[in-house]
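Below is one structure, written out as structure tokens; the observations come after it.
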Amino acid sequence: MMSKKVFFALLISLPQMMSWGQAGSATEPDTWKLLSQAQVDGSGVFLDELAVASGTTQVLPHVRLARPPHAGQTVIFSRNDVELLAQSRQTGLLVTNWSGALDVRVSRRARILEDSDLLELLTTTLQREQVKNQGELELRLARPGPKPQVPDEPLTLKVTEMPSTGISPSFVVSFELWDGKERVGDWKAAVQAAVWRDIPVARTTLLRGQSVKDADVTMERSDVLMQRDAYLSLPTSDDTLELTEGIPAGKPILTRCLHARPLVRRGEMVEGVYQEGSLGISLLVEALEDGSLGQAVRVRNPKTRHELHGTVENEKTIRINL
């Protein structure tokens, strides 16, 4: 059995034990712990990026407090700044206790712009604005780039200066980098370029005067910056083109090697027609030069030996101009 002395000791200590239990079960006050440093993106400075809440009754909301700092810059917010901004953005948001840093230094998330990232941006922009559908652009840096620090966000590139000759095997391009509506900076890059596409190449030796439609050609992938005169429309079903010179096997078909097939050839006898109102005169004339459809040529009256000028209408007719 419990002695009277022990019983009274327990009775005296019971109120104090009860008060300890109540204190242990009471709800702890909410605390905002301010971080000493924070990094944000271009969308803004948000409350839950600057501080964290401890306690059971509150979680810091994703509330935008301010505009983000510019790339490379830092802004400082004190505890009071954060609290006032948060309360102005969301009514009823209260804090009763602070911990952590006295102020927070906020900067933009950044990364180093590697050469591969720069080449991707340059290639995409120049392909869209310069090369378009003329082939597939390939770029290489002629020398290592500056590798600047840029916001760690999707960037766009704006070309500010190009050579007057456009894309060439080697050139310097000036450009700006943008993060949304914010200009990050401007740079120059010396690049080497190639534009790849299929061009026609003679499979066998082709002869002068041969129709392009019947030519034995194959399509091979080539850098058209090095073959600027390559004829890009082959293969073709156009039977009006012919070769102006022979082309050895394995050589590309160049634009200067082609011309429209003449309807009238030099030395041929064709009908010369002169028409004025209801009066029409027809005579046999000799063509003094090759002529394609609609082309002006010289002809000669074989009887009088007089030279005349006319326009080719078809393979048998030249309309005389008097």
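Which residues, taken from region 243-272, are more than 20 Å from ARG228 (Cα to Cα), touching a Leu at 6+ places or on another chain (Cβ under 7 Å) and not in a loop (DSSP other than H, G, I, E, B)? Outline the logic, then answer.
Start the filter on region 243-272 by keeping residues that are more than 20 Å from ARG228 (Cα to Cα), which leaves 260-272.
Filter once more, so that each one left must be touching a Leu at 6+ places or on another chain (Cβ under 7 Å): 260-261, 263, 266, 269, 271-272.
Residues satisfying the conditions are ALA260, MET269, GLU271, GLY272.
Cβ-Cβ under 9 Å, sequence separation 6+ or interchain: first residue in region 72-97 and under 30 Å from VAL150 (Cβ atoms), partner of a type in the set (S, T, N, Q) and at pLDDT 90 or above. Which pairs?
GLY72/SER107; GLY72/GLN149; GLN73/SER107; THR74/SER107; VAL75/SER107
Somewhere in region 97-115, is a residue surrounded by 14 or more Cβ atoms within 10 Å (Cβ to Cβ), acidic (Asp, Glu) and within 29 Å of GLY185 (Cβ to Cβ)?
Yes, some residue in region 97-115 is surrounded by 14 or more Cβ atoms within 10 Å (Cβ to Cβ), acidic (Asp, Glu) and within 29 Å of GLY185 (Cβ to Cβ).
Only one of (1) assigned to a loop (DSSP other than H, G, I, E, B); (2) at pLDDT 90 or above fails for LEU65. Which number is that?
Unmet for LEU65, out of (1) assigned to a loop (DSSP other than H, G, I, E, B); (2) at pLDDT 90 or above: (1).
Would you confirm whether any residue within region 47-59 is part of a helix (DSSP H, G or I), among the charged types (D, E, K, R) and either out of contact with any helix residue (DSSP H, G or I) (no Cβ under 9 Å at 6 or more places or on another chain) or in the same structural domain as VAL173 (by TED's automatic domain parsing) (or both)?
yes
Conditions (1) basic (Lys, Arg); (2) under 25 Å from GLU313 (Cα atoms); (3) not assigned by TED's automatic domain parsing to the domain that holds VAL312, marked per residue:
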| position | (1), (2), (3) |
| --- | --- |
| ARG208 | yes, yes, yes |
| VAL224 | no, no, yes |
| ILE247 | no, no, yes |
| LYS251 | yes, no, yes |
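Name the residues in region 273-317 that are out of contact with any Ser or Thr (no Cβ under 7 Å at 6 or more places or on another chain), under 24 Å from THR240 (Cβ atoms) and not in a loop (DSSP other than H, G, I, E, B), would you?
Scanning region 273-317 gives VAL285, GLU286, ALA287, GLY291, VAL297, ARG298, VAL299, HIS309, GLY310, THR311, THR317.
Could you please let me know if ALA189 is touching a Gly at 6+ places or on another chain (Cβ under 7 Å), crowded, with 17+ Cβ neighbours inside 10 Å, outside the structural domain of GLY250 (by TED's automatic domain parsing) and of a type in the set (Gly, Ala, Ser)? Talk me through it step by step, then tell me what you get.
On the way: touching a Gly at 6+ places or on another chain (Cβ under 7 Å): yes; crowded, with 17+ Cβ neighbours inside 10 Å: yes; outside the structural domain of GLY250 (by TED's automatic domain parsing): yes; of a type in the set (Gly, Ala, Ser): yes.
Taking the combined requirement at face value, the residue satisfies it.
Please list, ordered by residue number, the strands (runs of 3 or more DSSP E) wholly in region 132-225 having 3 or more residues that are over 30 Å from THR244 (Cβ atoms) and touching a residue at least 24 places away in the same chain (Cβ under 8 Å).
Strands (runs of 3 or more DSSP E) meeting the threshold: 136-141, 149-151, 156-161, 170-179, 182-202.
Somewhere in region 88-105, is a residue part of a strand (DSSP E or B), under 26 Å from ALA193 (Cβ atoms) and of a type in the set (A, V, I, L, M)? Break it down into steps so the answer makes sense when it comes.
Quick first cut of region 88-105, residues part of a strand (DSSP E or B) only: 98-100, 103-105.
Applying the additional criterion that residues be under 26 Å from ALA193 (Cβ atoms) yields none.
No, because not a single residue in region 88-105 is part of a strand (DSSP E or B), under 26 Å from ALA193 (Cβ atoms) and of a type in the set (A, V, I, L, M).
The values are calculated or read from the model by the stated rules, or taken from the named source; none is laboratory data. From a predicted model like this one, the values you see are computed outputs, not experimental measurements. FYI the Cβ positions are ideal-geometry reconstructions off the backbone, even for glycines, and counts take in every protein chain you see.
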